[in-house]
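Written below as structure tokens is the structure these notes are about.
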Amino acid sequence: MEKILKELNEEQKEAAKTIDGSILILAGAGSGKTKTITTRLAYLLSIGIDPANTLTLTFTNKAANEMRERALKMIKDISYPPLLCTFHKFGLLFLKFNIDKINRKNNFVVIDSDDKKRIIKNLGTELPISLVASEISKYKNSLISPETAIAKALQPNYKIIASLYKSYEEYIEKNNLVDFDDLLSLTYKILDENSDLCMHTSQRYKYIMIDEYQDTNELQYKLVKKLCSAHNNICVVGDDDQSIYGWRGANIKNILEFSDQFKNTKVIKLEKNYRSTKQILKIANELIEHNRGRLGKKLESTKGNGKDIEFIDSENETMEANIIANRIKKLMDKGVSPNKIAILYRINALSRSIEEGLNRNSIPYKMVGGIKFYERAEIKDLISYLRVIANPNDDFSFKRIINKPKRGIGKVTIDRIVKAAYENKQSIYELLSSNFNEIKTIIKSKKSLTEIKNFIKNLKKLSKSLEKSTYDFIDLLEETFHIKEYYFNMPESLDKVANIDEFYGLFRDFIISNPDANIDDFLNDITLQSDQDQIDNESISIMSIHASKGLEFDYLFVIGLEEGFFPITGEGSDIEEERRLGYVAFTRAKKELTLSCSSSRFYKGRRASLSKSRFLAECGICKGSLSLEKTTSFKKGDLVKHKIFGMGRVLEVTKIKREFKLNINFGGTKRDILASFVEKI
């Protein structure tokens with residue numbers, strides 16, 4: 001064990017050898033986090049602590065398996081392995097032994113998300129099933145009962161969802177089913193209602209470790225507090241600067257306020273980075289220092305100097321894609337393996353131009369943790385609409401869109417329609433366009449029959465509109481079928497609507513460039529663009545920044561650094577989380593990092609001029625967009641603006657009662673100004 005400890009740096013060694021009390025290991029990107037916590041677990045076992053008294057919680061099975069394997073390699077001769085699993089696996093094990101405490105049988109069946117959606121669908125609702133499933137999940141993770149949800153629902157749709165939640169809960173309880181969210185919510189409920197069991201469970205797991213603590217939500221925090229009822233031996237590992245899952249419930253306050261929530265916390269910072277060059281870490285550090293909601297640390301490179309950060313400023317996304325493709329080709333010609341190269345973006349819709357640029361240059365690529373642009377459900381729907389309008393007898397495409405957006409036409413009815421068309425030797429469109437008296441026997445519902453009539457009528461209207469203007473056709477398509485509105489009511493709506501806007505913009509651009517073209521020409525063009533002929537095991541990776549977390553690449557390109565694209569701005573956006581995403585993106589690079597922006601892109605379906613991302617200015621790459629933010633908190637180094645004295649840099653912050661006084665350097669003149677009289681830039 002001593003030999004293994006010698007392989008750690010001083011901070012890592014301190015973290016591994018600290019046994020008792022609450023510990024926060026603040027582990028920067030590439031700082032050897034996994035090595036530290038697996039060594040700590042092995043160290044606990046090596047000094048005689050019973051494996052049964054340890055509990056290590058992670059977020060993925062992959063991380064749990066890797067950590068278990070690495071810890072057990074360090075120490076031999078233990079009679080049984082320690083419990084090292086995901087939060088949800090722990091919940092499953094706990095419920096198997098204790099679900100009887102809430103009058104449920106322990107032979108319950110865990111259902112997956114598809115089972116959950118099928119149950120909701122069978123309850124009957126016009127609302128999107130994905131939306132209902134997502135809201136039920138939010139209720140459970142917030143420990144809100146169906147009765148409370150019903151009482152607090154104000155909007156009509158949420159009243160319906162709350163009612164469905166009640167029916168859903170009654171169904172799964174009656175059939176002794178447990179869904180994914182129940183694994184934690186029921187575990188917490190049992191511990192909360194049974195103080196003796198709670199104390200016994202806490203006494204059993206005397207040494208608790210939690211990985212990626214910045215990603216925990218409110219329910220997971222409450223569960224951890226229950227597990228620590230009998231002791232304060234909790235060690236959490238995480239990085240507040242890499243908290244990027246606020247949109248799915250992660251609460252950054254769990255790590256920021258850890259020292260307040262657990263008494264006598266020892267904070268150990270891992271700041272030595274074993275991944276990236278000095279140049280890469282310099283811009284990552286400078287960017288993240290603009291965040292106020294952080295504990296504070298600074299990464300130091302053990303790799304030394306490398307190449308300066310490259311910056312690409314293109315006129316449009318096509319030029320950007322071509323420049324990047326050419327640079328990648330040069331790297332590959334020099335012998336760089338494609339799997340050491342990656343392209344990252346903030347918004348999935350940006351993948352379209354990059355994919356096409358790589359295809360044009362015959363560069364093999366793989367989409368990591370996502371779906372290629374033309375293979376996304378919403379894009380396939382749009383292509384099917386265009387195909388049906390270009391050729392109404394395309395049954396394959398017609399079937400895809402007959403109930404998208406929803407028209408109350410179920411699978412049984414669609415099967416009857418397809419069968420009748422086959423027997424009459426007609427296409428589906430021909431059958432539904434013929435005598436409606438004949439198809440009344442197929443479509444039983446009057447509402448569905450009316451919807452079908454309107455659908456056929458609208459398809460004909462759209463087809464006729466092409467005689468006047470192909471360019472305006474795409475606006476009419478959206479006005480008629482409200483496809484964006486349909487997808488806006490689903491989880492991940494931001495990405496889906498952005499993809500639709502990208503597609504609409506692509507169509508308009510194609511028609512502007514090819515005034516005599518028709519829909520067939522456009523469909524043929526995108527078929528060629530999306531067809532990746534080359535099949536190669538060695539591929540570069542393209543992915544969203546969220547999908548890149550935990551990965552690293554020698555050569556990295558980050559695209560789309562414009563206001564509105566990265567950072568995403570506007571209502572509902574969190575600029576500090578956007579900045580953390582930038583920090584995560586930059587620290588994926590090991591040797592070379594290239595940042596890219598474009599002067600114009602499709603924005604909300606139209607080509608728009610864009611300004612450079614504020615992040616480019618904040619990390620010192622170039623002058624970017626400076627945006628004023630209303631704020632009540634300031635820190636040293638903040639850039640501020642005063643209506644008389646202009647721009648200045650905060651040198652010192654002093655609190656005076658309820659107000660803050662700032663010492664500001666205005667171009668060489670230092671002044672004391674009350675915070676309420678300046679704005680942060």
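One chain, two ends: E478 and K101. Fully extended at 0.36 nm per residue, the span grows by 130.4 nm beyond their Cα-Cα distance. Computed on the chain, with alpha-carbon pairs under 8 angstrom and 6+ residues apart, the relative contact order is 15 percent. Once every DSSP H run of n ≥ 4 in the chain is given -39500 (n - 2.57) and the sum is divided by its residues, what mean residue ellipticity at 222 nm do you get, rounded to the nearest 500 deg cm²/dmol? After summing the helix terms and dividing by the residues of the chain, the value is -13500 deg cm²/dmol.
Angle of helix 278-288 to the longest C-alpha principal axis of the chain, folded into 0 to 90 degrees and rounded to 10: 80°. Projected label points at E430 and K636, each 7 Å from Cα along the beta carbon direction, are separated by 8.1 nanometres. Within 10 Å, at most 16 other Cβ atoms, and a DSSP state outside H, G, I, E, B define an exposed site. Report the longest part of the chain free of exposed GluC sites (Glu not before Pro). Counting only loop sites that pass the neighbour cut-off, the longest clear stretch is 272-466. Taking the structure as given and computing mean projected area of the Cα convex hull in nm², which label from (1) 35.1; (2) 36.8; (3) 46.4 fits? Looking at mean projected area of the Cα convex hull in nm² for this model, the match is (2). Scanning residues 5 or more positions from C622 or on other chains, those with amide H under 5 Å from its amide H are A617, with H placed 1.01 Å from N in the peptide plane. Of the trypsin sites (Lys or Arg not before Pro) found in segment 1-109, those in coil by DSSP whose Cβ has at most 15 other Cβ atoms within 10 Å are K76, K105. Note on K159: lysines with a C-alpha under 19 Å away, same-chain residues under 8 apart excluded, are K117, K121, K138, K140.
Rg/Rh for segment 329-469 to two decimals, with Rh computed the Kirkwood way over all alpha-carbon pairs. Write down the numbers at each step before the final one.
Details: Rg = 21.2 Å, Rh = 18.2 Å.
Looking at segment 329-469, the ratio lands at 1.17.
Against the main long axis of the alpha-carbon atoms of the chain, helix 493-513 sits at an angle near 50°.
Extension gain for the segment T527 to K380, taken as residue separation times 0.36 nm less the Cα-Cα distance, is 51.8 nm to one decimal. Heavy-atom accessible surface of the chain, averaged per residue, reaches 47 Å², computed with a 1.4 Å probe. As a fraction of the 1.4 Å probe accessible area of the chain, surface on carbon and sulfur atoms comes out at 48 percent. Helix 317-333 sits at what angle to the longest principal axis of the chain, using alpha carbons and giving 0 to 90 degrees rounded to 10? Roughly 60 degrees between the two axes.
Charges only on Cβ, +1 for Lys and Arg, -1 for Asp and Glu: so what's the dipole of segment 372-418 about the Cα centre, in debye to the nearest 20? Before the final figure, lay out the partial values.
Details: 11 positive and 6 negative charges, 35 e Å.
Once rounded to the nearest 20, the dipole reads 160 debye.
Reported value for segment 200-305: 108 Å³ per residue, from the convex hull of its C-alpha atoms. You can think of it this way: the chain between D313 and N458 has 47.9 nm of extra reach, that is 0.36 nm per residue less the Cα-Cα gap.
Averaging over all projection directions, the Cα-based convex hull of segment 446-531 occupies 6.9 nm² in the image plane. Centre-to-centre separation between the Cα atoms of segment 296-374 and those of segment 141-217: 42 Å. Determine the shape class of segment 1-87: with a ≥ b ≥ c the square roots of the Cα gyration tensor eigenvalues, call it rounded for a/c under 1.5, and otherwise prolate if a/b is greater than b/c, oblate otherwise. Since a/c stays below 1.5, the shape of segment 1-87 is classed as rounded.
Modelled this way, with points 7 Å down the Cα-to-C-beta line, the labels at S513 and M199 are 7.3 nm from one another.
Note down the net charge around L123, summing +1 for each Lys or Arg and -1 for each Asp or Glu among other residues with Cβ under 12 Å from its Cβ. Net charge in that neighbourhood comes out at +2.
The values are calculated or read from the model by the stated rules, or taken from the named source; none is laboratory data. Worth saying up front: this structure is predicted, and the values here are computed from it rather than measured. A quick note on method: Cβ atoms are made from the backbone with ideal geometry, for glycine too, and the neighbour counts reach across all protein chains shown. For the accessible areas, the whole protein counts, side chains as well, though only heavy atoms, and no ligand, DNA or RNA atoms are used. Shrake-Rupley method; radii C 1.70, N 1.55, O 1.52, S 1.80 Å.
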